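The values are calculated or read from the model by the stated rules, or taken from the named source; none is laboratory data. All figures in this text were calculated on a predicted structure; none of them were measured in a lab. Here the Cβ positions follow ideal geometry from the backbone for every residue, glycine too, while neighbour counts run over all protein chains shown. In case anyone asks, the SASA skips ligands and DNA or RNA and just uses the protein heavy atoms, side chains included. Shrake-Rupley method; radii C 1.70, N 1.55, O 1.52, S 1.80 Å.
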Amino acid sequence: MAAPARSALLVYTRTTDYRHESIPAGVAALRDLGVFDVEATEDPAVFERPLGRYAAVVFLSTSGEVLTPAGRERLAAYVEGGGGFAGVHAAACTEYDWPYYGELLGARFDRHPALQPGRVVVEDHGHPATRHLPAVWEFTDEWYDFRTSPRPAARVLLRADESSYEGGGMGPDHPLAWCRDQGAGRVFYTALGHAADAYGDPAFLAHLRGGIGWTAGAGEGVSPGGGPP
């Protein structure tokens, strides 16, 4: 019997502002998961063509303005029509001039302290991105602060314990990863993933696999992609 076809992911890594050195490690890690067929690109023209063959679009530490006006329209139509969207780390530092993107992602980056160890608290173990994690997860990252909380429009999965590191600015309610619906599509975002080392961490890789797979409808009988857009 032939193996089932794997879902196709469009992994977008264009940056017009700060560029994370971990991007190549992130792309390699998504390929190495063996779950998805990964098409990685930095060409904004890809969003001016039909996206319906992709089960999900992943913005992997994108930054700045990375889409053309036509690309913005195509991405919005894709998600509204049922396509999956996942943002990783600096995806929250992206498309500040496009209001729809802020709504799509759920929150925008504000600032971060120095890279350092800290504790992640799992708020919701009932999601594929978190069900494998301990209640408190020791991790090293930049601990992004956001301009606003994604609550109540998003289902928060992880939050930061600001008492475990220096320089937190959001207080006790400090979401780090969440998911939400947008139109007929699904959205997942995680603030983690600054350093290349993260993409060799089995727990973090399972977090990405679960979150991205959820946006793609993996294993849930949800048709991948967003149709013609």
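Points worth noting:
- Inter-label distance, Arg147 to Val121: 2.6 nm, where each label sits 7 Å from its Cα along the C-beta direction.
- Farthest positive-ward along the chain dipole, Cα basis, beta-carbon charges - from Pro24, Thr94, Ala154: Ala154
- Using θ = phi - 60° and Karplus 6.51 cos²θ - 1.76 cosθ + 1.60, couplings along the stretch 29-40 (whole Hz; Gly, Pro as x): 5, 5, 5, 6, 4, x, 9, 10, 8, 9, 10, 9
- For the chain, built as a Gaussian network whose Cα springs stay under 10 Å, the top-fluctuating residue of Leu51, Leu133, Leu192: Leu133
- Based on the convex hull around the alpha carbon atoms, the stretch 68-143 presents an average projected area of 6.4 nm².
- Neighbours of Leu67 by Cβ distance under 14 Å: Lys/Arg scored +1, Asp/Glu scored -1, total -4.
- Secondary-structure-derived ellipticity at 222 nm for the chain, considering helices only, amounts to -5500 deg cm²/dmol, per-run term -39500 (n - 2.57) for DSSP H runs with n ≥ 4.
- Phi-based couplings in Hz for the stretch 107-123 (Karplus 6.51, -1.76, 1.60; Gly and Pro marked x): 6, 10, 4, 10, 6, 8, x, 5, 4, 6, x, x, 10, 9, 9, 7, 8
- Between the amide H of Ala86 and those of Val57, Val58, Phe59, Phe188, distances stay under 5 Å, these residues lying 5 or more places away or on another chain, with hydrogens modeled in the peptide plane.
- Check: the chain dipole with +1 on Lys, Arg Cβ and -1 on Asp, Glu Cβ, in debye: 600 debye
- Inter-site label distance for Arg49 and Glu73 at 7 Å from Cα along Cβ, in nm: 1.9 nm
- Residues whose amide H falls under 5 Å from that of Leu192, counting only those 5 or more places apart or on a different chain, are His89, with hydrogens built in the peptide plane.
- P(r), alpha carbons of the stretch 1-112 - 10 Å bins starting at zero, rounded %: 14, 48, 31, 6, 1, 0
- Alpha-carbon centroids, the stretch 5-51 and the stretch 151-172: separation in whole Å: 27 Å
- Placing pseudo-labels 7 Å out from each Cα toward the beta carbon at Asp32 and Ala114 gives an inter-label distance of 2.9 nm.
- For q = 0.08, 0.14, 0.15, 0.17 Å⁻¹, Debye-computed log10 I/I(0) when each Cα of the chain counts as one equal scatterer: -0.25, -0.81, -0.94, -1.24
- Share of carbon and sulfur in the accessible heavy-atom surface of the stretch 1-102 [1.4 Å probe, %]: 52 percent
- Kirkwood hydrodynamic radius (C-alpha pairs) into Stokes-Einstein, the stretch 44-86, 37 °C and 0.692 mPa s, D in µm²/s: 310 µm²/s
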